[in-house]
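Worksheet for the structure shown next.
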Amino acid sequence: MNAALEYLGAIPWWLWIVIILAIVAIRDVFFQRKHTVSHNFPIIGHLRYLLESIGPEMRQYFVANNREELPFNRIERSWIYASAKKENNYEGFGTDRDIYAHQHIFINNAMMPYQIDKDHPNAIDKTFVPCAKVMGIYNKRRKPYRPASIINVSAMSFGSLSAKAVESLNKGVKIANAYHNTGEGGLSPYHSNGGDVIFHFGTGYFGVRSDDGGFAMEKLIKLVEDNPFIRAIEVKLSQGAKPGKGGVLPGKKISKEIAKIRGVEVGKDVLSPPNHKAFSNVPELVDFVEAIAEATGLPVGIKAAIGKLEQWEELAQIMKTKNQGPDFITVDGGEGGTGAAPPSFADHVSLPWVYGFSDIYKLFQNYGLTERIVFIGSGKLGFPAKAAMAFAMGVDCINVAREAMMSIGCIQAQICHTNRCPTGIATQNKWLQNGINVPLKSERLAQYFNTFKKEVIEISHASGYEHPCQFDMDDIEMNVDDHHLSKEFDQTFKYEKTPVEFNGMKSLKECQYLGGNYSNN
């Protein structure tokens, strides 16, 4: 034995490399039939697969220019990172964006900006920008809710995201006076750190799931009673990444804790069905919404990606005739999605946000329903100029998902579905999660939100308004070709936004339904 060890020890290091490469070559040529390239080009073929695996990272850092990448380019990511870290997020030497490009957005500034007096809420707090509408006030819900922030965390569930990521987001929204949408994975302990919460569920009914996989009203009632920080309920009909297809959580992401919260098996893929068991048509959906609102007292809304409009028109007709229906509607864009989705769905099914939202808003406006609904936009709107555009189109609040992830460290590796997220955000791997410093990341989420709100209110003031809800369609222009062919939004999307009732920022601060940590709660 000793002689054999001495013999092996005498082999030089370079010969070991030759031996290993020879073994790989023999395996490639004689035993491996799965990969043609490595079979035909042993050893060298592996280099091709290595380069292919790191291709996105190589392009991201060394090849693509600042405005080239998708879904978020380097300029967009850098603005979020700098805002979250309270660093300089300015640009020098003018814009490097092609401002004559198709669909470029222009915000029409006023000759004289809006001027705030010394006792105005924004003179005291530059980040105070609550929603101008109250959820549930029209339908006389027992517990109406005015979101204290116009930007909030969109639906991302514990399971899809790690425990530390969810905890960071929840502590961050508490600091920023925003709300945290749970996503369809159920309410976890990590959602319970003091931030306002909108409880969201989809076809899997996780957290409010009966033994047969259906909806359990008694569980929802108890959940709301035990967790008073839940301020509203959202029923997911579809999502931007894969509308008409149920969610997928790979078994490798399902720990004992996640299985207990969701009511599913450990280590087994969870496939949510595409359809709800609790209702099968639009009238039943309205009855379902009303039943939840009556049982919990909370505002109830729906979330969906937009495609065909026939059933939406049926919903509007019922809401008009019965004076019932959802208190808020979250419109998700087809370009969105933090979870796994087939490319055919992510790329082609459902409309982009601007087209989908404009269709829905026009439809409900035609029925005179826009004033009673809080409209929430979700789909790459986490930038101040895009927010101004969205408010001009009729949005009342904005939900952000990937932008929120980036504020706590996401690097757009685009491997969320593999459980190998290098930043620990979209993985259940404990080792990778250890890199998340929760107090630091929660501060960064809050700082990103506060920077966003501050810049949105500054853009509003530059346009002559006190609050972004006052933006109208003729305040925004979009390039069609050159400036002579650019169109104001009312001409582009063929409707005029219904004016939002707004009596000054002070009235919002004094509202008894205002969420967050403000003193009147």
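You can think of it this way: the chain between N419 and K86 has 116.9 nm of extra reach, that is 0.36 nm per residue less the Cα-Cα gap. Here are some pairs, K308/K487; K362/K494; K133/K494; K362/K497; K133/K380; K133/K506; which of them have Cα atoms lying more than 18 Å apart in this structure? Over 18 Å Cα-Cα: K308/K487; K133/K494; K133/K380. Working note: Debye formula, equal point scatterers on the alpha-carbon atoms of the chain, no solvent; log10 I(q)/I(0) at q = 0.06, 0.09, 0.10, 0.12 Å⁻¹ is -0.32, -0.66, -0.80, -1.12. Since only F364, A163, Q447 are under comparison, the one whose Cα sits farthest along the positive direction of the charge dipole of the chain, derived from C-beta charges on Lys, Arg, Asp and Glu, is A163.
Per residue of the stretch 217-224, in order, report the coupling 6.51 cos²θ - 1.76 cosθ + 1.60 (Karplus, θ = phi - 60°) as ³J(HN,Hα) in whole Hz, putting x for Gly and Pro. Per residue, the Karplus-derived 3J(HN,Hα) values read 4, 4, 5, 5, 4, 5, 4, 5 Hz.
If R0 is taken as 45 Å, the Cβ-Cβ distance between H39 and N2 corresponds to a FRET efficiency of 0.65.
Among the GluC sites (Glu not before Pro) in the stretch 68-112, those located in a DSSP loop and surrounded by at most 15 other Cβ atoms within 10 Å of their own Cβ are E68, E87, E91. Scalar couplings 3J(HN,Hα) for the stretch 158-173, obtained by applying the Karplus form with A = 6.51, B = -1.76, C = 1.60 to θ = phi - 60°, are 5, x, 5, 9, 7, 4, 5, 5, 4, 4, 4, 5, 5, 5, x, 5 Hz; x denotes Gly and Pro.
Ordered from highest to lowest accessible area with the whole protein assembly present and a 1.4 Å probe, I107, I302 read as I107, I302. Assuming R0 = 41 Å, can you tell me the calculated FRET efficiency for the pair D212 and K140, based on Cβ-Cβ distance, to the nearest 0.05? The pair D212/K140 has a calculated efficiency of 0.75. With R₀ fixed at 41 Å, the C-beta to C-beta distance from D474 to H120 puts the FRET efficiency at about 0.95.
Pairs of Cα atoms nearer than 8 Å and 6+ residues apart set the relative contact order; for the stretch 397-521 it is 12 percent.
Annotation: M389 carries an accessible surface of approximately 10 Å², with a 1.4 Å probe and no ligand, DNA or RNA atoms counted.
Whole-Hz Karplus values for the stretch 387-404 come out as 5, 4, 4, 5, 5, 5, 7, x, 5, 10, 8, 10, 10, 10, 10, 5, 4, 5 Hz, taken residue by residue from phi with 6.51 cos²θ - 1.76 cosθ + 1.60 and θ = phi - 60°; glycine and proline positions read x. Here the simple spin-label model places points 7 Å from the Cα toward Cβ, and for W16 and L309 these points are separated by 7.0 nm.
Each Cα pair under 8 Å and six or more residues apart adds its sequence gap; the mean of these over the residue count of the chain is a relative contact order of 20 percent.
Net length available on complete extension from T95 to E371 is 95.6 nm, with 0.36 nm assigned per residue and the Cα-Cα distance removed. Gain on full extension, evaluated as 0.36 nm per residue between H102 and S255 minus their Cα-Cα distance, stands at 50.4 nm. Each residue, S507 and D269, gets one label point 7 Å from its Cα in the Cβ direction; the gap between the two is 5.4 nm. Approximating the spin labels as points 7 Å out from Cα along Cα→Cβ, the Y518-to-L47 distance works out to 6.3 nm.
The values are calculated or read from the model by the stated rules, or taken from the named source; none is laboratory data. Everything numeric in this text was worked out from a predicted model, so none of it was measured. All Cβ positions, even for glycine, are placed from backbone atoms using ideal geometry, and neighbour counts span all protein chains on display. The accessibility values were calculated without ligands, DNA or RNA, using every heavy atom of the protein model including side chains. Shrake-Rupley method; radii C 1.70, N 1.55, O 1.52, S 1.80 Å.
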